[in-house]
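For reference, the structure is listed below as structure tokens.
Derivation of every value follows stated rules applied to the coordinates shown; laboratory data play no part. What you see is a predicted model, and the numbers here were worked out from it, not measured in a lab. Because the Cβ atoms are built from the backbone with ideal geometry, glycine has one as well, and the counts that use them run over all protein chains shown.
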Amino acid sequence: MIAAGLPSRGQPVPSAAPAPLLEFRNVRVVYDKAIEAVRDVSLSVPERGVVALLGSNGAGKSTLLKAMSGLLYTEEGVLEGGSIRFRGAEIQALAPDELVRSGIVQVPEGRRVFAALTVDENLAMGGFTKSGSSARAKLERVFELFPRLAERRGQVAGYMSGGEQQMLAIGRALMSEPVVLALDEPSLGLAPLVIDRIYGVIARLRDEFGLTVLLVEQNAQRALDVADHGYILENGRVVLDGPADRLAGNEDVREFYLGVSREGEKSLRDVKHYKRRKRWLS
Amino acid sequence: MRFFLELALSGLAVGAVYGLVAMGFAVIYKATGLVNFAQGELTMIIAYIAWTIQTNLTGNVAVVTVGALGAALLLGLAIERVVMRPMLGEPVFATVMVTIALAVILRSSINFIWDAYPHGLDLGVGRSVVRAGAVGIRTGQIAVVATLLAMLAGFTLFFRYSRFGIAMRAVAADDRTALLMGVSTGRVHAAAWAASAVISGIAGIFFAVSYDLSPTMFQLGLKSFPATILGGLDAVIGSGLGGVIIGVAENLAGGYLGSGTKEVAGFVLIIVILMVRPFGLFGQRDIERV
Ligand SMILES: Nc1ncnc2c1ncn2[C@@H]1O[C@H](COP(=O)(O)OP(=O)(O)OP(=O)(O)O)[C@@H](O)[C@H]1O
Ligand SMILES: [Mg+2]
């Protein structure tokens, strides 16, 4: 039966892609029983992949991460439809601490370091679920990634610069030994040089530490540079997705997210042919 | 001079009782953002439980203390689990009302379970007088001050070095982000209620041994709440010190300015200090959440 038309020997069959490590299936999130922030979103994050989730303000990116971390209930949000799976099992009913323990960790938007706690104490909190013997080794790894933090261990986090706080927020998340690390707009408000440093670490996390990364960004250029695959979210829907390099080359993406202007103000969803392009892209 | 010393020393002792109860307020506020208006009632109930053990079982001071504080621990956990946890996420106003209702229930339970008469809690200790020069002080008073100091030291170390202590500070600062670290805020709340009930229970036992036991003892809560405001509602250590300041100020005012001023001295002090430091002497967080 399977004779002709096979891909050349040694190549994986395209349709038999590995089961995703983390998967959102037809997710719908409603806040306050009225505001539909995310509708019918499906996206998958393969093991050891870096997936970029792009979109402008209010698109629903952070909402998806809150759903992933089990935090919706703190804001009167409810996952009204669909499911979130990790290694094939549904996780949307798990409590936040159970999710962290199973390796699903996020660096929240705006860094959210504990301002009154020192760098060391912030890192200790990151490792809250994994106390004990390995703490020193993990600290050393974080300090190796961010030597700046090693110099400021006793400093109160609230007085550090934005870039240092972002490093601390990432280091803190790493202390819990994540399997999937989601980062919510890590470049927000940082100088280009600092962004370089942060993105350098993100690449190392995948290459050297084998992490799976879900990268939420408005800064599409940076994110698509490091990502393997990208999704574009608008008004709570995925409007486009595809391999990162193709997305970066896509005319509409270039126009709306990379600041390569073509004509007047338009939404990506208004672009007639986006569906055809989507098919072409994926 | 002798008069002054005597006033100051007994003020110190009663202030240590206020301080312990005030620490109870602060522990719950720090962890949950709530003022527990049943703190004085909790203090009173534990003292009554101690008295029950003493009259029915044994007067052995160790047994009575361990028994009553064990009961305090369970009572704190039970209140958190049964009454407070279902209120999680509800408006602060509603939740505070629940603690007020709890206060009324606990207060009247004294009359249901025990009776309306004053009793002495005699554990065979604490009543002998130690003389230092011209002034005398009871051993119970020395013990309560020593206990407060030990608690202050213990909590300082706990908040600075223990994983759970740091987690409590993290929850107080930003509970959503603490959730992202895998800190179970439910567990932190439960521990805070248990710890708070135990600290208050210690205060209640000391108070009952030094003075007596009566259904009006819940007023210790009213006396101690200003201490926690003075020290800082979110400052556990500060609240302990606030109690001492108020106890001493009250006694000195009562001794030198007439007994009528004793009741108001603490509050005058609070008004003055809050005008200068609105979050209390050691407080950090604004107290909008109350
Ligand atoms: N707690 C909330 N209650 C009600 N609506 C909310 C809440 N949080 C977010 N929303 C709404 O849900 C939608 C998606 O918000 P979300 O924060 O997920 O967007 P985002 O893509 O992360 O945007 P940004 O890039 O600005 O961070 C927005 O319309 C927002 O107003
Ligand atoms: Mg966001």
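I need to check one value: relative contact order of chain B, counting alpha carbon pairs closer than 8 Å and at least 6 residues apart, in percent. Can you show the working numbers first?
On the way: 493 pairs, mean separation 107.8, N = 290.
So the answer I get is 37 percent.
Exposed loop sites here are trypsin sites (Lys or Arg not before Pro) assigned a DSSP state other than H, G, I, E or B and surrounded by at most 15 other beta carbons within 10 Å; excluding them, the longest clear run of chain B is B:128-288. Once the Cβ-Cβ distance of residue A:89 and residue B:284 is raised to the sixth power relative to R0 = 41 Å, the FRET efficiency obtained is 0.45.
The long axis of helix B:39-56 is offset from the longest Cα principal axis of chain B by roughly 60 degrees. Considering the dipole of the protein assembly as shown built from charges on the beta carbon (Lys and Arg +1, Asp and Glu -1) around the Cα centre, which of A:248, B:265, B:121 is farthest to its positive end? So the residue we want is A:248.
Principal axis extents of the Cα atoms in the range A:162-228, from largest to smallest and rounded to whole angstrom, are 28, 26, 17.
For the range A:201-251, the calculated P(r), taken from all Cα-Cα distances in 5 Å bins from zero up to the bin holding the longest distance, is 5, 19, 29, 24, 15, 7, 2, 0 percent.
Working note: Cα atoms of chain B, range along each principal axis, descending, whole Å: 59, 49, 34.
Each label point was placed 7 Å from the Cα along the Cα-to-Cβ direction; for residue B:58 and residue A:57 their separation is 7.0 nm. Between residue A:130 and residue B:113, the FRET efficiency from the beta-carbon distance, with R0 = 45 Å, is close to 0.45. Given R0 = 45 Å, the distance between the Cβ atoms of residue B:92 and residue B:1 translates into a calculated FRET efficiency of 0.40.
Quick one: helix B:185-210 against the long Cα principal axis of chain B, what's the angle to the nearest 10°, folded into 0 to 90? That helix lies at roughly 10 degrees to the long axis. Its alpha carbons give the protein assembly as shown an Rg and a Dmax of 29.8, 109 Å.
Per residue of the protein assembly as shown, what 222 nm ellipticity follows from adding -39500 (n - 2.57) for every DSSP H run with n ≥ 4, rounded to the nearest 500? Walk me through the numbers on the way to the answer.
Details: 22 runs with 302 residues, N = 572.
Value at 222 nm, helices only: -17000 deg cm²/dmol.
Using only side-chain charges placed at the Cβ, +1 for Lys and Arg and -1 for Asp and Glu, the dipole size of chain B relative to its Cα centre rounds to 520 debye.
One decimal place: the segment residue B:149-residue B:271 gains 41.3 nm when fully extended, by the rule 0.36 nm per residue minus the C-alpha distance. Stokes-Einstein, applied to the Kirkwood radius of the range B:133-184 over Cα pairs at a viscosity of 0.692 mPa s and 37 °C, places its translational diffusion at 245 µm² s⁻¹.
Semi-axes of the equivalent ellipsoid for the range B:22-137, please: Cα gyration tensor eigenvalues, times 5, square-rooted, ordered largest first, whole Å. It would help to have the intermediate numbers written out before the result.
Details: eigenvalues 200, 65, 36 Å².
So the three semi-axes of the range B:22-137 are 32, 18, 13 Å.
Normalised by 2.2 N^0.38 Å, with N the number of residues, the alpha-carbon radius of gyration of the range B:1-88 equals 1.36.
Computed about its Cα centre, the charge dipole of the range B:154-290 is approximately 360 debye, with only Lys, Arg, Asp and Glu carrying charge at their Cβ.
Averaged over the residues of B:207-217, the number of partner chain Cβ atoms lying within 10 Å of the residue Cβ comes to 0.
The charge dipole of the range A:70-134, taken about its Cα centre with unit charges on the Cβ of Lys, Arg, Asp and Glu (plus for the first two, minus for the last two), comes to roughly 300 debye.
Summary value for the range A:91-245: 25 percent relative contact order, contacts being C-alpha pairs under 8 angstrom separated by 6+ residues.
What ratio of Cα Rg to 2.2 N^0.38 Å holds for the range A:85-181? The partial results should precede the final answer.
Numbers: Rg = 13.7 Å, N = 97, 2.2 N^0.38 = 12.5 Å.
Normalised Cα radius of gyration, the range A:85-181: 1.09.
How long are the three semi-axes of the equivalent ellipsoid for the range A:108-258, computed from the Cα gyration tensor as the root of 5 times each eigenvalue, in whole Å, largest first? Numbers along the way, then the final one.
Working: eigenvalues 180, 52, 35 Å².
Computed over the range A:108-258, the values are 30, 16, 13 Å.
Between the helical axis of B:92-113 and the longest alpha-carbon principal axis of chain B there is an angle of about 40 degrees. The GNM of chain B, with springs linking C-alpha atoms under 10 angstrom apart, assigns the highest mean-square fluctuation among B:100, B:202, B:270 to B:100. Summarising the label geometry, the points placed 7 Å from Cα in the beta-carbon direction at residue B:162 and residue A:78 lie 3.9 nm from one another. Mean sequence separation of contacting Cα pairs (under 8 Å, at least six apart), scaled by the length of the range A:173-252, corresponds to a relative contact order of 25 percent. Amide H to amide H distances under 5 Å link residue A:107 with A:182, A:183, A:184, where only residues 5 or more positions off or on other chains count and H is placed in the peptide plane.
Only Cα sites of the range B:158-290 enter the Debye sum here, all with the same form factor; the resulting log10 I(q)/I(0) across q = 0.10, 0.18, 0.19 1/Å is -0.41, -1.11, -1.18, listed in q order.
Shown for B:128, A:62: other C-beta atoms within 10 Å of each C-beta, ranked fewest to most, produce the order B:128, A:62. Considering only B:188, B:82, B:64, the mean-square fluctuation computed in a Gaussian network model of chain B, springs between alpha carbons under 10 angstrom, is largest for B:82. Placing dummy labels 7 Å off each Cα toward the beta-carbon, the span from residue B:101 to residue B:65 is 3.7 nm. Tally Lys and Arg at +1 and Asp and Glu at -1 over the other residues with C-beta under 10 Å from the C-beta of residue A:114: what net charge comes out? Computed value for this residue: +1.
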